[in-house]
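First comes the structure, then the notes that go with it.
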Amino acid sequence: MRVSHLFGTTLREAPGDAEVASHQLLVRAGYVRQLAAGIFSYLPLGQRALLKIARILREELDAIGGQEVSLPVVHPAELWQATGRWYEIDDTMARFQDRRGRDMVLAMTHEEVVAQIASTEVQSYRQLPILVYQIQTKFRDELRSRGGLIRVREFLMKDSYSLDRDHEGLQRQYDAHYKAYLEIGHRAGLTLLPVLSDVGMMGGKVAHEFMYVTAIGEDSLVRCSACDYSANLEVARFDRGDAPDEAPKPIERVHTPASKTIAELSSFLGVEPARTGKIVFFMGTFPDPSKERLVVAIVRGDMDANPIQVQRHAGALALRPARDEEIEEVGAVPGFASPIGIDRSGAVVVVDELVAMSPNLILGANEPDYHLLNTSCGRDYEADVVGEIATAFEGASCPECGETLQLIRGVEVGNIFQLGTKYSEALAAYYTDEDGEEKPIVLGSYGIGLGRLLACVAEEHRDERGLALPVSVAPFEVSLVSLAKSGETAAAAEDLYERLRAGGIQVLFDDRDASPGVKLNDADLQGMPLRLLVSERSLKAGGAELKRRTESEARLIPLEDVVDAVRAEIAALEAELASGVA
RNA sequence: CGGGGCGUGGCUCAGUCCGGUAGAGCGCUGCGUUCGGGACGCAGAGGUCCCCGGUUCAAAUCCGGGCGCCCCGACCA
């Protein structure tokens, strides 16, 4: 490709609305252009990088037995009604009606379609296991897109679906994906951290996310400083230690004016926040009576409630913070609340394990400016559910080994879910087993966002001059820069371009009539891993100068050896990626 | 959905407070001189000042409404 005719130019300055480095660089280098909030066009450089990533994904998925398919983007609503997700998922799922008034959705994911096809295509255990995948556009109307390509609304996703007889088969395909995802990261030049994660809208039991650890990440993660425990903060556990060895004391009502928050209360009473209890009110949506019910979560005052865990323990489909009126309706007083003496009909009280075993905590008295000393769960009030609902925190004890947990941030590049039979049962995807019995197919679901992966690679592989992409992802292997002043030099550059291309090398040829500074800076910005420079000076010295984007010193290569030298350098770069030097 | 910021040639922005009929740098076009890390001179092109309405002799500027984009938050009672 010639830079003189490349669709998409470089920009000296990043658009004012780009804050994240990868976003700024990908725009400045001419890889992407934004069309609307969270909606991007990929220019030739960006598209070629995506295709490189797609190639890695295809190779790794094929290697674990994947069969590529292409599933529809538009689905009839009935499919999603059958599994219930039509009702469970909010406006993140884009819906519309076709000209006949039939409800349709833009697919966010394809479990339904895969299960529906499986219901007719898979009849016998002899056909299993099966793994299908596709690389396809998804649309999710997120509340807010952010970080350039990090969180967008329309994006390319590799999604795969495993079909198995039983859980052992699922586990095998799940493990295969786990390994493949780490390998995909390596090949793209990224170290991915697998973390335990919430199953979210997918349902199922076990799930991992593959995180690129970075300060700009939107997910909070917990990682043990000693062992290999790591989890998304949403599901992170921690060791709460032993119950305080303390006899319950009689309950006592105290005047606590203007002490609505834990901080105010503990400073007014001169006690540690750990001596208090924190009440958090939610409104939960429940499956049975489709009415909202109050969910009362209680954690120790020095900790925070984890809404995902509260939701799970309460058995709710969704949670939102309760409004003051809703809290007052049951007789609780915001700022001075406790479960003691409130109307609990219809409400669910979820208590953190630590609170359940800690006597003598300070809770609200459910009247303004009063609290209760020495409350104890089980004596003064009962819990509907006791569970681990407090959020893990920096310095908490690891649930596996007891050492200190660290809080870090990451971007979710991929995820893997053990779905089980939820979708196959809903869509009648059954097979006949050896024993002649009809059984639901056991499903797994696995995703990787291509654009997000590219953004993470750009985030990781860059410097003050621009992108410095790994050879596996870069749109071209080498930038050929001609600083020709004379026709002879230009001809030599043209000749090199032809020979490199004939040699099967992907080359971006800067044939423009621009000043050396412009061309060299653009080559650095665009970030191809190798740069080959031809000029009067280099020819006089005996050839062309070859250098890596990440190094400052160039090597002089005789013209006749250039193709071999470039090829060798590409091979070296690929080998380094494979061995994890990247 | 709450809070904050922004919307002016392709890009980055000034001008808005205090109304008088649109500017700069970069980029682009032509000519010339330059030529190894974003060169210089001369000449030029390019703008519904986000949209609609209002006030006014006069609106990029003031008022009302809308749209779009970015950032933070959307559990901590």
### Task
Report the FRET efficiency, 1/(1 + (r/R0)^6), for A:S225 and A:D17, where r is their Cβ-Cβ distance and R0 is 51 Å, rounded to 0.05.
0.85
### Message
Using a 4.7 Å cut-off between beta carbons, which cysteines in chain A end up with no partner cysteine at all?
### Response
A:C377, A:C456
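On a full-extension model of 0.36 nm per residue, what is the gain between A:T92 and A:S515, subtracting their alpha-carbon distance, rounded to one decimal in nm?
Numbers: separation 423, 0.36 × 423 = 152.28 nm, distance 4.86 nm.
Result: 147.4 nm gained on full extension.
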### Summary
For segment A:178-186, Karplus-derived ³J(HN,Hα) couplings (6.51, -1.76, 1.60; θ = phi - 60°; whole Hz; x for glycine and proline) come out as 3, 5, 4, 5, 5, 5, 4, x, 4
### Task
State the volume of the convex hull built on the alpha-carbon positions of chain A, expressed per residue in Å³ and rounded to an integer.
201 Å³
#### Entry: Between segment A:94-139 and segment A:537-582, the Cα center-to-center distance that results, in Å
47 Å
### Task
Using θ = phi - 60° and the Karplus relation 6.51 cos²θ - 1.76 cosθ + 1.60, list the HN-Hα couplings for segment A:421-428 in order, rounded to whole Hz, with x at every Gly or Pro.
10, 3, 6, 5, 5, 5, 10, 6
### Query
What is the P(r) of segment A:252-387, as percent of Cα-Cα pairs per 10 Å bin from 0?
13, 46, 34, 6, 0
### Query
For segment A:289-354, what is the charge dipole size about the Cα centre, in debye to the nearest 20, if Lys and Arg each add +1 at the Cβ and Asp and Glu each add -1 at the Cβ?
280 debye
### Query
For A:V481, A:V113, what ranking results if the residue with the fewest other Cβ atoms within 10 Å of its Cβ goes first?
A:V113, A:V481
## Note on the structure
From fewest to most C-beta neighbours within 10 Å, the residues A:F210, A:F509, A:F96, A:F155 line up as A:F96, A:F155, A:F509, A:F210
### Query
Residue separation times 0.36 nm, minus the C-alpha to C-alpha distance between A:E536 and A:L407: what's the value?
41.0 nm
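Suppose every K and R has +1 on its Cβ and every D and E has -1 on its Cβ; what is the size of the dipole of chain A about the Cα centre, in Debye to the nearest 20? Each step should come with its number before you reach the end.
Values: 61 positive and 90 negative charges, 359 e Å.
Once rounded to the nearest 20, the dipole reads 1720 debye.
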### Query
In whole angstrom, how far apart do the alpha carbon centroids of segment A:472-502 and segment A:1-67 sit?
23 Å
### Task
Write down the percent of antiparallel bridges among all DSSP beta bridges whose residues are both part of segment A:252-387, to the nearest 5.
70 percent
### Summary
For A:K138, counting only lysines whose alpha-carbon sits under 17 Å away and dropping same-chain residues fewer than eight positions off, the answer is A:K158
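In percent, how large is the relative contact order of chain A, given Cα pairs closer than 8 Å and 6 or more residues apart?
Values: 1253 pairs, mean separation 100.4, N = 582.
Rounded, it is 17 percent for chain A.
Net charge near A:F7: determine it from the other residues with C-beta under 12 Å of the C-beta of A:F7, scoring Lys and Arg +1 and Asp and Glu -1. Please report the intermediate quantities before stating the final value.
Numbers: positive: A:R2, A:R33, A:R48; negative: none.
With Lys, Arg at +1 and Asp, Glu at -1, the neighbours total +3.
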### Summary
Expected sort for A:D98, A:D103 with the fewest Cβ neighbours (10 Å cutoff) up front is A:D98, A:D103
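Would you compute, from DSSP H runs of 4+ residues alone, the mean residue ellipticity of chain A at 222 nm, taking -39500 (n - 2.57) per run and dividing by the full residue count, rounded to the nearest 500? Don't skip to the end; give the middle numbers.
Details: 16 runs with 164 residues, N = 582.
Helices in chain A give a 222 nm mean residue ellipticity of -8500 deg cm²/dmol.
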### Message
Only bridges whose two residues both fall in chain A count here: according to DSSP, what percent of them are antiparallel, nearest 5?
### Response
80 percent
### Summary
Place a point 7 Å from the Cα of A:V73 in the direction of its beta carbon; the residues of segment A:116-158 whose amide N falls under 18 Å from it are A:134-142, A:152-158
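In debye, nearest 20, what is the charge dipole magnitude of segment A:169-279 about its Cα centre with +1 on Lys and Arg Cβ and -1 on Asp and Glu Cβ, if you could check? Show your work: numbers first, answer last.
On the way: 12 positive and 15 negative charges, 33 e Å.
Here segment A:169-279 has a charge dipole of around 160 debye.
Among rounded, prolate and oblate, which fits segment A:476-578 when a ≥ b ≥ c are the square roots of the eigenvalues of its C-alpha gyration tensor, a/c under 1.5 means rounded, and a/b larger than b/c means prolate? Write out the running numbers ahead of the final one.
Values: a/c = 1.64, a/b = 1.32, b/c = 1.24.
Prolate, since a/c reaches 1.5 and a/b exceeds b/c.
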#### Entry: Positive-pole candidate from A:N521, A:A565, A:V507, dipole of segment A:476-578, charges at beta carbon
A:N521
### Task
Please give every one of the lysines within straight-line cross-link reach of A:K547, meaning a C-alpha to C-alpha distance under 23 Å, and leave out same-chain neighbours fewer than 8 residues apart.
A:K52, A:K485, A:K519
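We did not get these values from a lab; they are worked out from the coordinates using the rules stated. Just so it is clear, the structure is predicted and the values come from calculations on it, not from any experiment. Because the Cβ atoms are built from the backbone with ideal geometry, glycine has one as well, and the counts that use them run over all protein chains shown.
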